[in-house]
Amino acid sequence: MTMQPDLQANPNTILETARARVLEQGMGLSESQLVEILRLPDDALPATLQLAHEVRLKHCGEDVEVEGIISIKTGGCPEDCHFCSQSGLFDSPVRGVWLDIPELVKAAKETAATGATEFCIVAAVRGPDIKLMNQIKFAIDRINEEADINIACSLGMLTQRQVDQLAEWGVHRYNHNLETARSYFPEVVTTHTYEERLETCNMVKDAGMELCCGALIGMGETLEQRAELAAQLAALEPHEVPLNFLNPRPGTPLENQGLMDGKDALRAIAAFRLAMPRTVLRYAGGRELTLGDLGTREGLMGGINAVIVGNYLTTLGRPANADLNLLVELNMPIKELQKTL
Amino acid sequence: MNRVSTNATTGGTSGPTAAEFCGHCGESSDGGASATSDVHHTCEELLQLEPPRYCAACRRRMKVQVTPLGWSAECSRHGLLSP
Ligand code: SF4
Ligand SMILES: [Zn+2]
Ligand SMILES: [Zn+2]
């Protein structure tokens, strides 16, 4: 628990208000209401998660969307996102490396075999150059020949022409995270602006691709800034929000930032669900350290309705089977593939 | 320290080598043989959740590829590791 509630309403009143607005009317909470949720005491956490779970079931259904992610180009990024081991500006042990296309196709097939419906190809770049765009086009064609899975991309900031090309090639979802609140962004990234990120997000939506726009919490932002981020994401109306918890990486400016408290992480999950009742809310990086096995289960029963299966880009996740078995145990069917091409 | 011996799968130029360096932080390590290796216990825990970045035999930074269901790490001198 980071802060004690002082001048805020009784927890029951806060949760009743949230129930009426989000569960019954289908409207997300306002930024100030989200602050109240994030400040609820630990003994209100089970009821908060329960409400978030009911909201998820009513507005999204019981399905869980499963995705695999892979790095086509790792490390050596010219940007300075202070949490990222792939920035070439920090003394990180991560070496620059490219994945070849046969390996990428093999990984797509393996990912599809787990029941996943999404395969996201990620590159550590400010934005793609012609060489990377050509490789992406080639990879998309090969994957479409050999695997039954939707293809998503995360290639940094895009030009309008690149947005149009990706849409034309059948990329159905594009990931570009806001990462943190507008008011905290300059503390975390100095090589590009929040507005530049928003610009890419809006172009992606306008081109008809689904927007995946995520958050990374636990970077030293205040609870108010966490609520600000949730409200800013809600205003953007992304199809999906991947929720990451800081895993402090050696050599990065945030390497000494402690792990965030597990209960704060669970309150954040519930708050994000109450901000965005209909959005796909995905567990992404850092949950293994921040939440452990028990917390992973609590989050799935507290608003989360999507997971990244297996490993992340530079770190390892829980074994794929552990998550897939947990979904069976929780009676949560994996969402089936609906090819958008 | 790496929980896999170097040169385990392909490509090395010399035989398998005992761990001398921690795969996570790259500092000297005796692979857990003495009390001084306590400093790497946290590293060993972290290696449950990330692949090794340093070659246990020579401390070179390795080329690491992570895929959804696996990983590999390659030292230019000692070859490829995989889980
Ligand atoms: S742009 Fe992406 S890869 Fe580059 S430093 Fe930022 S988070 Fe890392
Ligand atoms: Zn070590
Ligand atoms: Zn070596």
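Laboratory data are not the source of any read-out in this text; all were calculated from the coordinates shown. What you see is a predicted model, and the numbers here were worked out from it, not measured in a lab. Glycine gets a Cβ as well: all are built from the backbone with ideal geometry, and neighbour counts include every protein chain shown.
Taking amide H positions as placed 1.01 Å from N in the peptide plane, with prolines and chain starts having none, which residues 5 or more places from B:Val64, or on another chain, fall under 5 Å of its amide H?
Here the answer is A:Arg95, B:Glu74, since their amide H atoms fall under 5 Å of that of B:Val64.
Summing -39500 (n - 2.57) over the DSSP H runs of n ≥ 4 in chain A and dividing by its residue number, what mean residue ellipticity at 222 nm do you reach, to the nearest 500 deg cm²/dmol?
Working: 12 runs with 139 residues, N = 341.
Helix contribution divided over all residues of chain A: -12500 deg cm²/dmol.
Nearest-5 percent of antiparallel DSSP beta bridges in the protein assembly as shown? Working shown, then result.
Numbers: 13 of 45 bridges.
Of those bridges, close to 30 percent are antiparallel.
Other chains' Cβ within 10 Å of B:40-48 residues: what's the mean?
If you average over the peptide's residues, the count of other-chain Cβ atoms is 1.
Can you classify region A:101-230 as rounded, prolate or oblate using the Cα gyration tensor, where a ≥ b ≥ c are the square roots of its eigenvalues, rounded means a/c under 1.5, and otherwise it's prolate if a/b beats b/c and oblate if not? Before the final figure, lay out each step's value.
On the way: a/c = 2.25, a/b = 1.69, b/c = 1.33.
Because a/c hits 1.5 or more and a/b exceeds b/c, region A:101-230 counts as prolate.
Count neighbours as other Cβ atoms within 10 Å of each site's Cβ, and list the GluC sites (Glu not before Pro) in region A:1-87 that are DSSP loop with at most 16 such neighbours.
On the way: sites: A:Glu16, A:Glu24, A:Glu31, A:Glu36, A:Glu54, A:Glu62, A:Glu65, A:Glu67, A:Glu79; in loops: A:Glu62, A:Glu79.
Qualifying residues, ordered by number: A:Glu62.
Would you mind classifying region A:181-247 by shape? Square roots of the alpha carbon gyration tensor eigenvalues, ordered a ≥ b ≥ c; an a/c under 1.5 is rounded, otherwise it is prolate if a/b is larger than b/c and oblate if not.
Working: a/c = 1.97, a/b = 1.50, b/c = 1.31.
It comes out prolate by the Cα gyration axes.
Any idea what angle helix A:287-300 forms with the longest principal axis of chain A, computed on alpha-carbon atoms, 0 to 90 degrees, nearest 10?
60 degrees
If you count, for every residue in B:68-75, the Cβ atoms of partner chains within 10 Å of its Cβ, what is the mean?
Partner Cβ neighbours, averaged per residue: 6.
Tally Lys and Arg at +1 and Asp and Glu at -1 over the other residues with C-beta under 9 Å from the C-beta of A:Leu45: what net charge comes out?
Details: positive: A:Lys263, A:Arg267; negative: A:Asp42, A:Asp43, A:Glu298.
That works out to -1.
Return the long-range amide H neighbours of A:Lys335 (sequence gap of 5 or more, or a different chain), with a cut-off of under 5 Å between placed amide H atoms.
Residues meeting the amide H criterion: A:Val64, A:Glu65, A:Val66.
Give me the dipole magnitude in Debye, nearest 20, for region A:102-227 about the Cα centre, with unit charges on the beta carbon: positive for Lys and Arg, negative for Asp and Glu. Don't jump to the answer; show the numbers that get you there.
Working: 12 positive and 19 negative charges, 29 e Å.
Dipole of region A:102-227, to the nearest 20 debye: 140 debye.
What are the ³J(HN,Hα) couplings of region A:36-48, residue after residue, when phi is run through the Karplus curve with 6.51, -1.76, 1.60 and θ = phi - 60°? Round to Hz, x for glycine and proline.
4, 5, 5, 9, 4, x, 4, 6, 9, 5, x, 5, 5
What net charge is computed for the residues neighbouring A:Pro128, neighbours being all others with C-beta under 12 Å from the C-beta of A:Pro128, Lys and Arg scored +1, Asp and Glu -1? Walk me through the numbers before you get to the answer.
Working: positive: A:Lys73, A:Arg126, A:Lys131, A:Lys137, A:Arg161; negative: A:Asp129.
Result for the neighbourhood of A:Pro128: +4.
For the protein assembly as shown, compute Rg over Rh where Rg is the Cα radius of gyration and Rh is the Kirkwood radius from the inverse mean 1/r over Cα pairs. The partial results should precede the final answer.
Working: Rg = 21.5 Å, Rh = 22.1 Å.
Computed over Cα atoms, the ratio is 0.97.
Nearest 20 debye, what's the magnitude of the dipole of the protein assembly as shown about its Cα centre given +1 on Lys and Arg Cβ and -1 on Asp and Glu Cβ?
Values: 37 positive and 55 negative charges, 161 e Å.
Computed charge dipole of the protein assembly as shown: roughly 780 debye.
If you only keep lysine pairs separated by 8 or more in sequence, or across chains, how many in region A:56-340 come under 27 Å at the Cα atoms?
Number of lysine pairs found: 24.
Whole-Hz ³J(HN,Hα) for each residue in region A:252-267, computed from phi via Karplus 6.51 cos²θ - 1.76 cosθ + 1.60 with θ = phi - 60°, x for glycine and proline: what do you get?
So the J values, rounded to whole Hz, are 8, x, 9, 5, 9, 5, x, 5, 6, 5, x, 5, 4, 5, 5, 4.
What are the ³J(HN,Hα) values, in whole Hz, obtained from phi via the Karplus relation 6.51 cos²θ - 1.76 cosθ + 1.60 with θ = phi - 60°, for each residue of region A:154-160 in sequence order, with x given for Gly and Pro?
9, 10, x, 7, 10, 8, 4
How much net charge surrounds A:Arg249 when only other residues with a Cβ under 15 Å from its Cβ are counted (Lys, Arg +1; Asp, Glu -1)? Could the numbers behind the result be given before it?
Details: positive: A:Arg95, B:Arg53, B:Arg61; negative: A:Glu79, A:Asp80, A:Asp91, A:Glu179, A:Glu255, A:Glu288, B:Glu50.
Overall, the nearby charge balance is -4.
For region A:179-334, with the dipole built from +1 on Lys and Arg beta-carbon atoms and -1 on Asp and Glu ones, taken about the Cα centre, which of A:Met301, A:Val241, A:Gly262 lies farthest toward the positive end?
A:Met301
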